[in-house]
Structure formats: structure tokens, C-alpha cells
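Below is one structure, written out as C-alpha cells, with a few remarks after it.
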Amino acid sequence: MDPDNELIAGLAGDEDESEANAAGYPKMNHFLTTGTLSKAMTLDVFEKWVKNHKGPYHCSAKMDGAGFELVYEKGKLTHLISRGNGFTGFDKIELAKFLNIPKDLGDGNITISVRGEFELSNQVFKTHKIFADKKNPRNAGSGLLNNKVDELTQEQIQALGEIQFFAYDLLIHDKNLEKKDHKSTVFTFLKDCGFRVPESRVCMNYEDVITFRDELAKDRGTEKEEFAIDGIVVFEERLDSEDQKEKIQKKAIAIKFDLSVAEGTILNIEWSMSGSFLTPVAIMTPMQLDGTTVTRANLCNLSIIKNHGIRIGDKVRVAKMGEIIPKILCKVAE
């Protein structure tokens, strides 16, 4: 399944549009392109990308939160636009007073757009009772940012203040402000403006990139993991202004961490209508996978079932493809 498919991208969106509409937030076009990235689900895919893109590379943690564009006019925060569909989002500037983000950059000459993600720490997610019905920190944070301002409870207001914003992209509207032509320079500028940025490193070659990825992955799923990240983002260190305008940039790619895998037993097989096709879906014993309880997994088609010799009662391995759709990988050998 293609993780860049727009149908799948929609399923992985940062917000429920109906909830944002119900809260009365006005729609607004983005100034800064808020597209998606090509994804390397395996290192073979990334190795091919490296052959066509020369280093050095700017690598950073791929935050797993709710995407927003923050607009500053003459140094003042004026718009807080949710990612929406990538072209149009919802201006939630009314929420800004509760959020831990710079409201004034301290320079009346700066007019910029900043792209980043709001994310709840794993600790905040676990300790706030208001998130008891949420599957994971991303789901909890996104839901919190969809609330109507005048209906917020004190607990929700407190939680909004504990959401962290990680900035990682920049559009300079002011022609008099020096352009930033390297990704590391963008990160330095954002930090100087008072923003928190994802952990990052300039890497010279393929081996350095993989080392950075492995260092970040070692704390995943442990008590040391402060925020949920699902891989790393790799840019050519020298930026291409035209490429940055593309919905899917050619000079950047996301490398996913190795898929988390769980094992469960098939209790039954149902058929689900997908467009004009019937798709087999395995009903599973409950298993924990990437912070959610999984009880259903895609079997794709009859050929998969036949080739793997899968039957009801078999123990199988399951992973989330694109960290969205649970899919059976293989049968566990007895």
C-alpha cells in the first residue's frame, strides 16, 4: 500500500474536519506549502535515494504530532493554521493564548511563516485523565486542538499549555530579511526566534544518516522516549527554493523506523467491501501495536492467504503499514 497515496494521507490527517467546522474555526489557505514527504519504508529505498542526492544531509527527528503553520506579521503572531488537507486549514488563532509558543518575536521587521507540529509528551499523555479515551499522544493532542475556545474546561486549558511545538520549516515573506539557503541555518534561525526544534544533525554520508537514525530509535517504546517520533527526515543540506514549493519534495525523504511487530491468533476472517472489491480482514486476539489495541488486520487478497497458508486459528505476525493500517506479514512457524 502506498503511504503517499492521498486516500491514505487523508486517513492519517491531523484533524477531524467536521470537528473543526463545528468549533467554528474559519478556513484559511496556507502560505507555506504543507505537503508530505516521500517515505523510505526500507533502507534499500533510502539507499537508492542517496545515489541521486549528494550530501551533506540535514537529518532530524520526524515528530508525530499535529501539523500547523504559524504566521507572524511584523513580529506578531497573527494566524495559527492547522494542516488540514495540505492546501487549506483552519485558523485557530483563538487557541494561541493557551499555547506555549512565541506570540511576539521581538523584531517588528520580521514577517514569516513557521511550520511545525504540536505534540504531547508521553508523560503528559499518561498523567492527564482527560486523555483516558484516546489511543495515543497524537490522537489526544489533535483532539484537544479541535475544541471550541469558549467550551474549554480548566483541565483542557492546562493540557493545552503543556503541548510542545516543534518548528522545522520556514517561509520568509519579508524581502529585506536574509534568505536561509541551508536547512541547518533554518533550524538555527528558528531557535534564535524562541522555537523548540526537533533533534537534528548534519550528516556527510549514508552511514552517518543510519547512525543518527539508530541512535534515535534505541529509546523508542521505552521510558526514555519523551515524545513520539516515527523515523527521521532527511534533506539535502543546501535547500532548493523551487523544490520546497512542491507537494512532495524531491530533495527530502522520511526514513521510517523498523516496523513494530506484534503476534496474535486469527479468530475469524471477514470480508470488507473496499470500493468495488471485497477484501479479507482477519479478526484477531487483541494485541498492542504502536500504542493502540489491534483486533483486525488486513489480509489483502486470496493470494496472500494461499501463499502463506493462513487459516483460522493460526498465529501470525502483524505490523502497521505506514503506521496506519494493520496488516498480516506472515504465519508464525510452529
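A few points about this structure:
- Most fluctuating residue given options 198, 286, 137, as computed from a GNM of the chain linking Cα atoms under 10 Å: 286
- Largest GNM mean-square fluctuation across 93, 229, 305, computed for the chain with C-alpha springs under 10 Å, falls on 305.
- Compactness of the stretch 196-271 as Cα Rg over 2.2 N^0.38 Å, two decimals: 1.50
- Rounded to two decimals, the Cα-based Rg/Rh of the stretch 53-126, with Kirkwood Rh, is 1.04.
- Whole-number Å³ per residue for the convex hull built on Cα positions in the chain: 155
- Shape of the stretch 157-306, Cα gyration tensor, a/c cut at 1.5: prolate
- Two-decimal log10 I(q)/I(0) for the stretch 225-266, as the Debye equation yields it once each C-alpha is a single scatterer, q = 0.14, 0.19, 0.21 Å⁻¹: -0.52, -0.73, -0.80
- For the stretch 91-174, the list of trypsin sites (Lys or Arg not before Pro) that fall in a loop by DSSP and count at most 14 other C-beta atoms within 10 angstrom reads 103, 135, 148.
- Calculated FRET efficiency, residue 217 to residue 96, Cβ-Cβ distance, R0 = 45 Å: about 0.85 to the nearest 0.05.
- Of the GluC sites (Glu not before Pro) found in the stretch 128-218, those in coil by DSSP whose Cβ has at most 10 other Cβ atoms within 10 Å are 178.
- Measuring max minus min along each principal axis, the C-alpha atoms of the stretch 108-173 give extents of 42, 26, 15 Å (largest first).
- Pair residue 296, residue 104: separation of 7 Å Cα→Cβ label points (nm): 5.2
Rule-based calculations on the coordinates, nothing more; no lab input. The model shown is predicted, which means the values in this text are computed figures rather than measured ones. All Cβ positions, even for glycine, are placed from backbone atoms using ideal geometry, and neighbour counts span all protein chains on display.
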